[in-house]
Each structure stands twice: as C-alpha cells, then as structure tokens.
Amino acid sequence: MQLESVFGKVVKSLRIKKDITQEQLSFDSKLERSYISMLENGKYQPTLTSLFDISKGLNMKPSELVRLVEIEFEHLQNEKR
C-alpha cells in the first residue's frame, strides 16, 4: 500500500472515530472538502501546511498524526512479509 493511501486511511479512521463529516473536518481545518476526500482516497499527499491544518481539525498534534501513519504503514509492511 502506498504511503498516501495509508495517510488517507488513518485520517478517515480518525475522522469517523471522532464522528465528524468530511465537511466538518474541512471547516475545522480550513481546507476544501474535496481536498479532504482526495486525501482520504489516497489521491493526494498533504503538504506540511496541510498536515498541520488537518491535525488541528482532528484536535491532535501533527506529530501524533504522523506517528499513527507510521505505525499503520509499518503494520502493513510487516503483513506483506
């Protein structure tokens, strides 16, 4: 699985866990809803600025978000072996 897909999977999972819509996340992070959708679908990679904005929208530190992506990516890499 590509890293951008893993990022999108983690963001979607966190968003659903917090029971917010893409629209609410886009409002809270000041990003377009279509951009959130593309991120969640692994079509785009976030810029550093977007990473900070999304983290703010999810009420977490950017480092926490990156760590969750790292954990999921490593987990998927280990499954392949």
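The values are calculated or read from the model by the stated rules, or taken from the named source; none is laboratory data. All of these numbers come straight from a predicted model, not from anything done at the bench. Please note: Cβ atoms are built from the backbone with ideal geometry, for glycine as well, and neighbour counts cover all protein chains shown. These area figures cover heavy atoms from the full protein model, side chains too; ligands, DNA and RNA do not enter into them. Shrake-Rupley method; radii C 1.70, N 1.55, O 1.52, S 1.80 Å.
At a glance:
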| read-out | value |
| --- | --- |
| Residues of the range 24-65 satisfying the condition of being touching a helix residue (DSSP H, G or I) at 6+ places or on another chain (Cβ under 7 Å), hydrophobic (A, V, I, L, M, F, W, C) and within 22 Å of Met1 (Cα to Cα) | Ile36, Leu39, Leu51, Ile54, Leu65 |
| Residue match in the range 29-47 (condition: closer than 14 Å to Asn59 by Cα and not in a helix (DSSP H, G or I)) | yes |
| Members of the range 42-71 found to be charged (D, E, K, R) and crowded, with 17+ Cβ neighbours inside 10 Å, listed by number | Asp53 |
| Selection count where residues are small (Gly, Ala, Ser) and open to solvent by 30 Å² or more (accessible area, probe 1.4 Å), scope the range 27-41 | 1 |
| So Leu76, is it modelled with pLDDT under 95 and either in a helix (DSSP H, G or I) or buried (at least 18 other Cβ atoms within 10 Å of the Cβ) (or both) | yes |
| Yes/no for Ser26 being in a helix (DSSP H, G or I), free of Cβ contacts under 8 Å to residues at least 24 places away in the same chain and either at negative phi or of a type in the set (Lys, Arg) (or both) | no |
| Test: residue in the range 50-63 that is aromatic (Phe, Trp, Tyr) and without any contact (Cβ under 8 Å) to a residue 24 or more places away in the chain | yes |
